[in-house]
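Input: a single structure, listed below in structure tokens.
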Amino acid sequence: MARPLNILFVSSEVEPFAKTGGLADVSNALPQSIKGSEHEIRVIMPKYGCINERKSKLHDMIRLKEIEVPMGPRPRTASVKSSFIANNSIKVQVYFIDNPHLFGRSGLYVHPDTKKDYPDNDERFIFFCRGVLEVLKKLGWQPDIIHCNDWPTGLIPAYLKTVYKGDPFYKDTRSVFTIHNMAYQGVFPKSTFPKTQLPPELMGIEGVEAYGHVNFLKAGLVFSDAITTVSERYAQEIRTSEEFGAGLQGIVNTRKSDLTGILNGVDYSVWDPSVDSLIPLKYDAKSIDLKVEDKKALLSKMGLPFHERIPVIGIISRLADQKGFDLIGEELDALMKMDLQLVVLGTGEKKYHDLFEKAQRKFPEKVAAALTFSEELAHLIEAGSDMFLMPSRYEPCGLNQIYSLRYGTIPIVRATGGLDDTIDDAGSPGGTGFKFKNYSSADMVKAIQRAVSAYGDQPGWRKLVKNGMAKDFSWEASAKKYIQLYRTLTRK
Ligand code: ADP
């Protein structure tokens, strides 16, 4: 039998320690699923100031203190803390790279008040990438695979192919780079380059440069041994379209034989209404009548009146252009003429905060918005809503539409990326949701109209709900695909 692999999973966010979006969910669930198949996998992330060491049970690793991390113009030191993730019986070790000067702040990438990127994000994530490689050597744990995720980890494959090329410790190490979102690239001015201490020839179009800047995502794309992204549809989109490839579609295309789409999964020990400890009343497909109690609880929490026959549409999202909320802004009045209520949980760009604040002022019986981050409310919205809206401009995978299926909350989605891959339109047999193709507010309104009118036919609606709840997007199948990929790279 092939021997188990050593895999290091590198991520800038991991639930429950630090989260801004879906990457944190994936970084929690996928390693546990891989470990369940008997491989040794460990996770490494930055030790942000927002991580409460006592609550998260972090402890110092005595051997891993004051590790020098080479960086221009001056090295910095890292120390390492450790904890674990364990949603069930499977326990995965998590290392935290600490440097209080660079990471001892409450935001992950942006200042929580100004919402602006930290000006030294280049140094922070150069330190992280180089630090990971230095820490492993001190630890003496040799990975077969380093699985990197998104731009904050993009320099690792570049270091492995250059600075650490002749290092016997990394002789058999291969890298996988997963794109969770092509639009966030870690773009910095040329003056960043010397800080990386990469060989000078890498500052060119064959290297980490794109459009005259240093581009961390590009480094991952060029130097990793394999690239994956989080749905098959998105894998196609990012290499064939300028809009989705965000300027790097040419690079992605040159590596198309090394690119695979592997759909994200769901951890059903966290996102399933029959076991969800964050909702007032648990239910499953057989006791779907109980869902209305969660709807009542949600509306009461949000200060909206409850009407049995009026559907509640939920939104849980980063409020960024990607997510398509300008379409709601364009058609708010038309939407509000329909018999529906809208519950929004989100935080992000000010213009969308303004949009939803204005909407709830103008339609206090119909709209309620919580412009904050709340894991608890996210679960209540999944359980208490009848429908879930994701009108995304683009969507690499999207998790909430898949969570919604299990909660019997019918997704209304734009047919792009993972949204298109995971939802079947109600017009087809076995349908699970409502889709619209063009990025147009009129088409979104039509899809919502279709959903609202389908809600009026309760037996038909029940069928949709049952179809969705029966879907299985657990991690197992996708974890197998990752393991297969690791094996092809290591030939073990
Ligand atoms: P993305 O990664 O682009 O943000 P996904 O749909 O893949 O989008 O994942 C979003 C994840 O972040 C989900 O787990 C969702 O519940 C969570 N989330 C987003 N915004 C909030 C918020 N304001 N409060 C709580 N959870 C949120």
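Shape verdict for region 82-138, please, from the Cα gyration tensor: rounded (a/c under 1.5), prolate (a/b greater than b/c) or oblate.
It is oblate, given that a/c is not under 1.5 and a/b is not larger than b/c.
Once you have the Cα-Cα distance between LYS165 and LYS116, take 0.36 nm times their residue separation minus that, and quote the gain in nm to one decimal.
14.0 nm
Find how many whole Å separate the alpha carbon centroid of region 10-32 from the alpha carbon centroid of region 260-323.
21
Relative contact order for the chain using alpha-carbon pairs under 8 Å, separation at least 6, rounded to a whole percent?
12
What ranking, highest mean first, results for peptides 367-375, 283-291 when packing means the other Cβ atoms within 10 Å averaged over each residue?
The most tightly packed comes first, giving 367-375, 283-291.
Starting from the Cα gyration tensor of region 239-338, take the square roots of the eigenvalues, sort them a ≥ b ≥ c, and report rounded, prolate or oblate (rounded when a/c is under 1.5, otherwise prolate if a/b is larger than b/c, else oblate).
Oblate shape, in that a/c is at least 1.5 and b/c is the bigger or equal ratio.
Using a Förster distance of 30 angstrom, determine the FRET efficiency expected from the C-beta separation of LYS137 and SER241, and round it to 0.05.
0.15
Indicate the gyration tensor shape class of region 254-398 (rounded, prolate or oblate), computed on the Cα atoms with a ≥ b ≥ c the square roots of the eigenvalues: a/c under 1.5 is rounded; otherwise a/b larger than b/c is prolate and the rest oblate.
Oblate.
Quick one: HIS307, HIS147, HIS180, HIS39, fewest Cβ neighbours within 10 Å first, how do they rank?
HIS307, HIS39, HIS180, HIS147
With respect to the cross-link table entries LYS115/LYS358; LYS19/LYS323; LYS35/LYS481; LYS291/LYS323; LYS256/LYS446, which display a Cα-Cα separation exceeding 25 Å?
LYS291/LYS323; LYS256/LYS446
With an 8 Å cut-off on Cα pairs and a minimum separation of 6 or more residues, tell me the relative contact order of region 285-472 in percent.
22
Going by amide H atoms built from the backbone, whose H comes under 5 Å of the H on HIS147, apart from near neighbours?
Counting only residues 5 or more places away or on other chains, the set is LEU8, PHE9, VAL10, VAL176.
Which value in deg cm²/dmol, rounded to the nearest 500, describes the helix-derived mean residue ellipticity at 222 nm for the chain, given -39,500 (n - 2.57) per DSSP H run of n ≥ 4 and division by the residue count?
The helix-only estimate for the chain comes to -10500 deg cm²/dmol at 222 nm.
Where both residues lie in the chain, what percent of DSSP beta bridges are antiparallel, nearest 5?
25
Please turn the phi angles of region 405-420 into ³J(HN,Hα) values with the Karplus equation 6.51 cos²θ - 1.76 cosθ + 1.60 (θ = phi - 60°), one per residue in order, whole Hz, x for glycine and proline.
Residue by residue, region 405-420 yields 3, 5, 8, x, 10, 6, x, 10, 9, 7, 7, 9, x, x, 5, 5 Hz.
For helix 350-362, what angle does its Cα long axis make with the longest principal axis of the chain, in degrees from 0 to 90 and rounded to 10?
That works out to roughly 20 degrees.
Pop the C-beta distance of ARG74 and GLU376 into the FRET formula with R0 = 41 Å and round what comes out to the nearest 0.05.
That pair, ARG74 with GLU376, gives E of 0.45.
Explain nothing, just the number: relative contact order of region 88-167, from Cα pairs under 8 Å at least 6 residues apart, as a whole percent.
Relative contact order, region 88-167: 23 percent.
May I ask you to sort PHE128, PHE177 by Cβ crowding, counting other Cβ atoms within 10 Å and putting the fewest first?
PHE128, PHE177
For LYS286, go through the lysines and keep the ones whose alpha-carbon is under 18 Å away, minus same-chain ones fewer than eight residues off.
Partners found: LYS295, LYS463, LYS466, LYS471.
State the Cα centre-to-centre distance between region 206-231 and region 94-163 in whole Å.
16
Output the peptides 130-138, 318-326 sorted from most to least packed, where packing is the average of other Cβ atoms within 10 Å over each peptide's residues.
In descending order of packing, they fall as 130-138, 318-326.
Sort 107-120, 148-161, 266-279 by the packing proxy (mean of other Cβ within 10 Å over each peptide's residues), most packed first.
The packing order, highest mean first, is 148-161, 266-279, 107-120.
Every read-out reported here was derived from the displayed coordinates using simple, explicitly stated rules and does not represent laboratory data. Since we're looking at a predicted model, the values are computed, not measured. All Cβ positions, glycine included, derive from the backbone under ideal geometry; neighbour counts span all protein chains shown.
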